[in-house]
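A short write-up of the structure that comes next.
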Amino acid sequence: MSPSLLFFFLSGLAYASESEATPKQFKFTENTHIFGADGPWHGVEVSIGDQPTLMIPGRSWESYVITTDYCKATSGSATCEVGAYDPSRYGKTVPELDHVTFFTQNATRGIKTTGTSRMVFDSVTLDGVGTVPDHTLALIENESQMLEYPNGKRYPIMTGCLSLGSLASKSIFWTPDQKLMDVDVGNMIAYYLAGNDVIPSASYGFHYGSALPSSKIPGSLIFGGYDRNRVIGRVDSQGSYIDGSFVLRRLAVNTFEGSAPFEMTGVQIIPGTYKYSTDTGISVRLDACSPYLTLPSDVCKGIASYLPIYHHEGLDLWLWNTSHPGYKLIVESASALTFDFDAGERGKSTTIHLPLMQLNLTLGPPFTGEIPGMEGKEVPYFPCHSSPGHSGAWVLGRPIFQSLFIGANFLTKQLWLAQAPGPKIPSESDIVKIGRYDYDIESSKMKWTDTWNAVWRGLSQDEALIARGLYEPERRPSSSAGTGNGGSGGGGGSQTGSSDSNRSSASTIVGSRFGKFVMLASMLAVVAL
């Protein structure tokens, strides 16, 4: 028997016929908590054992959970306000697996994370879906497990990370000498629910949504199906990448309505040579549990050439220059970053548009303690980050999940990517079943730009000129810009603790060179990412 036939035989023993079960919708809105010193973000309340805790859905295999000991050892984790997990109450350990630990880095791949996590097994209850016993949990429990930034500062991990399933029905463990272990623990959520006829298939459909006040979108998580209203345009199958990387071929800036706040629209960002690049693009992972778009510095700088943002080296994040006359116009405009992923199994590429409005995020304490004059305050920031985790992988994190639909059928090894809608969506879900042997899902009839009507706006020609810095002769930030309303540099400048006058100079440089830079980029547009 061929390996593929053997896989379907073993995986499908319990699936001789289609299930009569119906999809189960997690009560996302009812269990949502807004959190984040680098958001705002949605976190969802999940019960581990009988204890509520805050998690973000989106990973495979084991789930990472913050414990009560972590809340005692650190301060600032958003989970501690909702409730943390105490593994001493019900958590089960297996002596044969005492040697097994996980790198805490796996909890958030897009930023350096320190420490290792020990393992327990406990039940996971999802409101509206059901309970999965003996799920594999990696514990975040002591002060060695922290997020680490380029300036050497460490900050606590904000939330746990919930697994949605995996290619196997249970966790797979190996002995120290790499022999497969025969242990009957570690239920995977989607497979367990399907195997017990709670849902029709080991599958899910997920749209994280957005917590931004300017463009709120409630999240959607359905096991055994998906909400068709969260799927727009062509759906691409990326089956071979279900647990791995994608190839990001192109990244561009586009305007969809009104005049463009850039010299040209649709021009590609042109990076240099960097680790993990291929002849056709950048190898990236998708990870909703990572807070940033972790991309090569050349890519972040290319994006910055279009926007009034400046770089904070210590955090390796980009801050919006709110004193720039184009700032408000740009983040309100009908403009977006456009991501083109390599062709999947069906030979067609996937295009995801991420509005700039969703990239106008807020940085608050403790992070703003690193920005002179902004201690204890909030600063608008752009979430491009170029200091990857210990694996060195580039990661597209939570920001893109605001506009990305992702779904999977673990039995048929299919993963689907599609454009997700903006805030203007029907109030009622259009839930569609995913069958056990389904390879395709259907999209809605909605037009993506219609879901952003009256949320973003088309700019007039005069407004576009102001946004480009070509309308007003004096564009130097005011002397108070760095103390109350965010950044005041722009366009690829750096800031590590500079004075207001230095930040003003950075903005002035952008004002004089901005148009020329973009025109040069347009001449290079034939070059792929």
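Scanning segment 157-192 for residues that are out of contact with any Lys or Arg (no Cβ under 9 Å at 6 or more places or on another chain), open to solvent by 10 Å² or more (accessible area, probe 1.4 Å) and in a strand (DSSP E or B) yields LYS170, TRP174, LEU180.
Where strands (runs of 3 or more DSSP E) fall entirely within segment 335-444, those with at least 2 residues that are in contact (Cβ under 8 Å) with a residue 24 or more places away in the chain and open to solvent by less than 10 Å² (accessible area, probe 1.4 Å) are at 335-341, 350-355, 361-363, 379-382, 394-396, 404-409, 414-419. Just one of the numbered conditions (1) part of a loop (DSSP other than H, G, I, E, B); (2) out of contact with any helix residue (DSSP H, G or I) (no Cβ under 8 Å at 6 or more places or on another chain); (3) open to solvent by 30 Å² or more (accessible area, probe 1.4 Å); (4) not acidic (Asp, Glu) is not true of LYS301: (1).
Scanning segment 207-222 for residues that are more than 17 Å from LEU415 (Cα to Cα) and hydrophobic (A, V, I, L, M, F, W, C) yields ALA211, LEU212, ILE217. In the set (1) modelled with pLDDT of 95 or more; (2) surrounded by fewer than 21 Cβ atoms within 10 Å (Cβ to Cβ); (3) not charged (D, E, K, R), SER63 fails one condition alone, (2). Close Cβ contacts (under 9 Å, 6 or more residues apart or on different chains) running from residues in segment 131-155 that are closer than 30 Å to LYS170 by Cβ and open to solvent by 50 Å² or more (accessible area, probe 1.4 Å) to residues that are part of a loop (DSSP other than H, G, I, E, B) and of a type outside the set (D, E, K, R) comprise ASN142/THR74; ASN142/GLY115; SER144/THR114; SER144/GLY115.
The single condition from (1) aromatic (Phe, Trp, Tyr); (2) within 24 Å of PRO399 (Cβ to Cβ); (3) at pLDDT below 95 that PHE102 fails is (2).
Residues that are of a type outside the set (A, V, I, L, M) and more than 24 Å from PRO57 (Cβ to Cβ) do occur in segment 98-112, at least one of them.
Residues that are closer than 27 Å to VAL198 by Cα, over 23 Å from the mean Cα position of the chain (by Cα) and of a type outside the set (Ser, Thr, Tyr) occur at least once in segment 72-88. One residue stands out among those in segment 445-461 that are open to solvent by less than 40 Å² (accessible area, probe 1.4 Å) and more than 25 Å from the chain's Cα centre (by Cα): the one that is nearest to SER429 (Cα to Cα), which is GLY458.
Test ARG118 against the stated conditions and say whether it is surrounded by fewer than 22 Cβ atoms within 10 Å (Cβ to Cβ), farther than 25 Å from ASP430 by Cα and of a type in the set (Lys, Arg).
On the way: surrounded by fewer than 22 Cβ atoms within 10 Å (Cβ to Cβ): yes; farther than 25 Å from ASP430 by Cα: yes; of a type in the set (Lys, Arg): yes.
Considered against the rule, which asks whether it is surrounded by fewer than 22 Cβ atoms within 10 Å (Cβ to Cβ), farther than 25 Å from ASP430 by Cα and of a type in the set (Lys, Arg), ARG118 comes out as yes.
The values are calculated or read from the model by the stated rules, or taken from the named source; none is laboratory data. Note that the coordinates shown come from a computational prediction; the quantities given were computed from them, not determined experimentally. Here the Cβ is made from the backbone with ideal geometry for all residues, glycine too, and neighbour counts use every protein chain on show. Surface areas here come from the heavy atoms of the whole protein model, side chains and all, with no ligands, DNA or RNA. Shrake-Rupley method; radii C 1.70, N 1.55, O 1.52, S 1.80 Å.
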